[in-house]
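The structure appears below as structure tokens.
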Amino acid sequence: MSTVAITDIGSLVTNDPNVGHGALGLLEDAALVIDEGVISWVGHKSQLQATDELISVEGRTVLPGFVDSHAHLMFAGDRAAEFESRMNGQTYSAGGIRSTVAATRQASDVQLLENLTRLQAEMLAGGITTFETKSGYGLDVETEVRSLRLANQATSEVTYLGAHVVPAEYSSNPDAYVDLVCSQMLSAVTPHAKWIDVFCEQGAFDPDQARHILTAGKAVGLQPRIHANQLHAGNGIQVAVDCDAASADHCTHLTDHDIDLLAGSKTVATLLPGAEFSTRSPYPNARRLIDAGATVAIATDCNPGSSYTTSMAFCIAVAVREMGMTPAEAVLSATVGGAKALRRNDVGHLGLGARADFSVLNAPSYIHLSYRPGVNLIDQVWQGGQRSTK
Ligand SMILES: [Zn+2]
């Protein structure tokens with residue numbers, strides 16, 4: 001296999017402080033070498049050794065591919081009308097999920113896969129080279145299994161979210177649905193999932209139910225993650241930390257105690273700026289989390305109800321403007337932060353041995369991702385050492 005050098009990198013974000021300066025591990029006038037799909041050398045371009053192929057990016061910025069650790073891509077249908085009525089003054093509640101459930105149950109495998117493929121292509125064009133996706137719009141055994149089986153065709157980061165909401169047919173007996181999620185449905189999905197997740201929220205599942213569901217998943221080898229504290233404060237963060245969840249996602253309403261819990265654990269706080277944006281809700285304060293020492297990730301939460309965006313650049317810009325992050329912190333959170341939320345160390349950085357997943361920005365620095373909101377700055381995307389767009 002041949003080696004490829006990317007050179008004339010005006011500004012290289014490695015996220016490896018051993019390679020360059022600051023937390024972003026920045027290098028100027030840099031080059032990197034790809035060998036068998038991984039980074040085999042990084043340094044100043046003047047020290048580049050001969051390679052089989054040499055590609056100049058003419059002074060552009062190179063940064064690690066974005067790692068989107070939270071998305072819901074297994075669905076059918078559209079909720080534009082619900083979005084419009086919300087923007088016309090109605091408030092968001094967890095119940096809107098049920099309309100997507102009805103559409104998803106009726107969709108064929110081909111339709112679900114087409115939707116997934118379309119959104120995956122959007123993500124990749126926008127620089128997301130690793131993504132997670134959840135089930136959670138089936139909420140019956142057959143459709144949850146179908147969703148997860150199809151998701152595996154696109155990513156290895158597949159999450160069972162049978163506990164998204166209680167489906168309409170169980171609304172008078174939610175405990176029976178929790179039993180289904182933890183028994184027959186769990187057995188059926190386990191071969192197709194890596195993670196288990198619960199929407200811990202008023203109107204969805206309470207903290208005791210969430211703990212019960214995550215514990216059942218761990219017992220069969222699934223790794224926990226959780227939707228917590230999106231709409232209200234509550235005990236979701238305690239459940240996350242007690243269960244050693246890889247990530248607690250949303251974290252919009254946190255007490256000082258919740259922040260201490262996160263800072264003292266391996267559980268990443270994943271913030272989802274698109275959700276607050278699209279529901280016109282108050283944003284979480286990333287500054288409190290970062291200053292306390294918690295690890296923070298940013299993800300798209302792409303879903304048809306509350307955050308229908310696949311743009312990590314948009315999420316970065318909102319996180320900087322509305323959540324108190326610096327431009328550097330937002331880039332870190334969207335790359336290495338996302339990797340930590342998936343407990344991965346092969347992606348999210350461009351140090352030696354990392355997967356050669358990166359974007360080339362039509363900009364002189366990473367700052368432009370938040371400085372130029374809404375502008376597509378992605379010139380090239382490379383995944384596993386292969387150039388994948390344009
Ligand atoms: Zn979500």
Task: Cα lying deepest toward the dipole's positive end in region 229-341, options T335, C302, F314, charges on Cβ - done: F314
Open item on the list: Modelling each spin label as a point 7 Å along the Cα-to-Cβ direction, I'd like the S85/L352 distance in nm, to one decimal.
Closed with: 5.9 nm
Open item on the list: Please arrange L342, L54 by how many other C-beta atoms lie within 10 Å of their C-beta, fewest to most.
Closed with: L54, L342
- [ ] List the pair-distance distribution P(r) of region 202-247, using every Cα-Cα distance, as the percent of pairs falling in each 10 Å bin from 0 up to the bin containing the longest distance, rounded to whole percents.
- [x] 29, 58, 12, 0
Open item on the list: How many angstrom lie between the Cα centre of region 354-370 and the Cα centre of region 163-214?
Closed with: 39 Å
- [ ] Would you mind working out the magnitude of the charge dipole of the chain relative to its Cα centre, with +1 at each Lys and Arg C-beta and -1 at each Asp and Glu C-beta, to the nearest 20 Debye?
- [x] 220 debye
Task: Where N is the number of residues in the chain, Cα Rg divided by 2.2 N^0.38 Å - done: 0.97
TODO: Give the distance, in whole Å, between the Cα centre of region 142-159 and the Cα centre of region 49-121.
DONE: 15 Å
Open item on the list: Check which residues have an amide H placed less than 5 Å from L54's amide H, if you skip close sequence neighbours.
Closed with: A5
TODO: Return the lysines within reach of K266: Cα separation strictly under 22 angstrom, same-chain partners fewer than 8 residues apart disregarded; answer none if there are no such residues.
DONE: K134, K194, K218, K340
Open item on the list: Can you give me the distance in nm between label points at R280 and A219, each placed 7 Å from the Cα along the Cα-to-Cβ direction?
Closed with: 4.5 nm
Task: Per-bin percent of Cα-Cα distances, region 328-390 [5 Å] - done: 4, 17, 22, 25, 21, 10, 1
Open item on the list: Counting other beta carbons within 10 Å of each residue's own, what order do V198, V166, V220 fall into, fewest first?
Closed with: V220, V166, V198
- [ ] Determine, from the Cβ-Cβ distance of T255 and D175 and an R0 of 35 Å, the FRET efficiency 1/(1 + (r/R0)^6), rounded to the nearest 0.05.
- [x] 0.80
Task: Efficiency of FRET between A233 and V38 - r from beta-carbon atoms, R0 30 angstrom, step 0.05 - done: 0.10
Task: In Å, descending, principal axis extents of the Cα set of region 145-193 - done: 36, 18, 14
Open item on the list: If you filter region 86-149 for trypsin sites (Lys or Arg not before Pro), then keep DSSP loop positions with at most 12 other Cβ within 10 Å, what is left?
Closed with: none
- [ ] Take S69, S11, S85, S40 and order them by how many other Cβ atoms sit within 10 Å, fewest up front.
- [x] S85, S40, S11, S69
- [ ] Enumerate the calculated ³J(HN,Hα) couplings along region 21-29 in order (Karplus 6.51 cos²θ - 1.76 cosθ + 1.60, θ = phi - 60°), each rounded to whole Hz, writing x wherever the residue is Gly or Pro.
- [x] 8, x, 4, 7, x, 6, 10, 9, 6
Task: Solution diffusion estimate, µm²/s, Stokes-Einstein, region 218-343, Kirkwood Rh from C-alpha pairs, 37 °C, viscosity 0.692 mPa s - done: 232 µm²/s
- [ ] In nm, give the distance between the simple-model label positions of Q184 and E28, each being 7 Å from the Cα along the Cα-to-Cβ direction.
- [x] 6.5 nm
Task: Neighbour count of at most 14 Cβ within 10 Å plus DSSP loop: longest GluC sites (Glu not before Pro)-free window in the chain - done: 59-390
TODO: Could you tell me which of H368, A23, A121 has its Cα farthest along the dipole of the chain towards the positive end, charges placed at Cβ (Lys, Arg +1; Asp, Glu -1), taken about the Cα centre?
DONE: H368
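Bear in mind these aren't lab numbers, they're just calculated from the coordinates by the rules spelled out. None of these values were measured; they are calculated from a predicted model. In this analysis, Cβ positions are derived from the backbone assuming ideal geometry, glycine residues included, and neighbour counts consider all displayed protein chains.
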